[in-house]
Amino acid sequence: MKTVSPFLELEEKPRVGVTFEGERFELPEGENLAASLLAAGVRVFRRTPVSDAPRAPFCMMGACFDCLVEIDGVVRQACMIDVVDELEIVRPGAEAAKGTDDAAK
Ligand code: FES
């Protein structure tokens, strides 16, 4: 059923479990991943490699690359992906940065 707000339609979808940076979310199955993570409260999808500045979805149409996330070792644009059950998502380069931090200790 159509509602006034597209965000209200997200509430009526069946939910599936998704993990982002180790935190579990129940997101609407088949909806846009970037929009669903934003609606769930995720505000930092990636960090820039040089300045470590936080980035989040901006264009929502595959042009800006600010929504990059890593799923199963592959860096992808969250705004171009649908929510499916059991997605394991991390920020791109998170494991590499962790390894660098471990090596510095
Ligand atoms: S939000 Fe711009 S490429 Fe995904």
Subject >> Selected residue (only one of Arg43, Arg47, Arg55 is over 10 Å from the mean Cα position of the chain (by Cα) and more than 12 Å from the ligand (Cβ to nearest atom)) >> reply: Arg47
Subject >> Residues satisfying the stated conditions in the range 68-81, i.e. at pLDDT 95 or above and either among the hydroxyl-bearing types (Ser, Thr, Tyr) or in a loop (DSSP other than H, G, I, E, B) (or both) >> reply: Ile81
Original post:
Pairs, please: C-beta under 7 Å, at least 6 apart or cross-chain, first residue touching a residue at least 60 places away in the same chain (Cβ under 8 Å) and at negative phi and in the range 27-39, second within 15 Å of the ligand (Cβ to nearest atom) and part of a helix (DSSP H, G or I)?
Top reply: none
**OP:** Name the one entry in Phe65, Phe58 that is in a loop (DSSP other than H, G, I, E, B), modelled with pLDDT of 95 or more and in contact with a Cys (Cβ under 8 Å, 6 or more places away or on another chain).
**Re:** Phe58
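The values are calculated or read from the model by the stated rules, or taken from the named source; none is laboratory data. Because the structure is a prediction, the values reported are computed rather than measured. No Cβ is skipped: glycine too gets one built from the backbone with ideal geometry, and neighbour counts run over all protein chains shown.
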